[in-house]
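Below: one structure, written as structure tokens.
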Amino acid sequence: QVQLVESGGGLVQPGGALRLSCAASGRIFSFSAMGWYRQAPGKQRELVVRITSGGTINYADSVKGRFTISRDNAKNTVYLQMNSLKPEDTAVYYCHVIIATMNYWGQGTQVTVSS
């Protein structure tokens with residue numbers, strides 16, 4: 001079994017920055033892909049960024065140049081650095097991992113961008 005625990009969300013003003021963390025426990029050494037999704041009120045969950053085991057990274061167009069995904073393999077942790085935040089980035093952010101065709105989700109962390 002795999003458990004994902006997110007942290008780092010909160011309230012930030014437009015133009016500000018936040019760093020999300022996703023700590024994974026369990027059997028994740030053979031992941032296929034990991035990344036972040038988000039879901040705003042009244043909208044469908046959407047991909048923010050994904051990194052594959054081969055190192056390929058895909059960002060949503062709306063966050064390119066502002067968000068950066070990184071990994072710390074020793075800590076089984078993936079990070080999302082979010083800069084130049086906009087009100088439209090407000091959402092619940094979910095960590096996501098695919099291992100052997102199984103999908104695992106974190107509980108979500110709220111990010112609110114507002115003045």
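Some notes on this structure:
- If you go through segment 73-91 and keep only what is over 17 Å from residue 54 (Cα atoms), free of Cβ contacts under 8 Å to residues at least 60 places away in the same chain and of a type outside the set (Gly, Ala, Ser), you end up with 75, 88, 89, 90.
- Exactly one residue among 56, 52 is open to solvent by less than 40 Å² (accessible area, probe 1.4 Å) and among the polar types (S, T, N, Q), and that residue is 52.
- Restricting segment 61-112 to residues that are basic (Lys, Arg) and surrounded by fewer than 12 Cβ atoms within 10 Å (Cβ to Cβ), the residue that is nearest to residue 1 (Cα to Cα): 75
- Here is the figure for segment 8-35: residues that are at pLDDT 95 or above and over 16 Å from residue 85 (Cα atoms) total 1.
The values are calculated or read from the model by the stated rules, or taken from the named source; none is laboratory data. None of the values given here were measured: they were computed from a predicted structure. Every residue, glycine as well, gets a Cβ built from its backbone with ideal geometry; the counts of neighbours run over all protein chains shown. Surface accessibility is based on the protein's heavy atoms, side chains included, excluding ligands, DNA and RNA. Shrake-Rupley method; radii C 1.70, N 1.55, O 1.52, S 1.80 Å.
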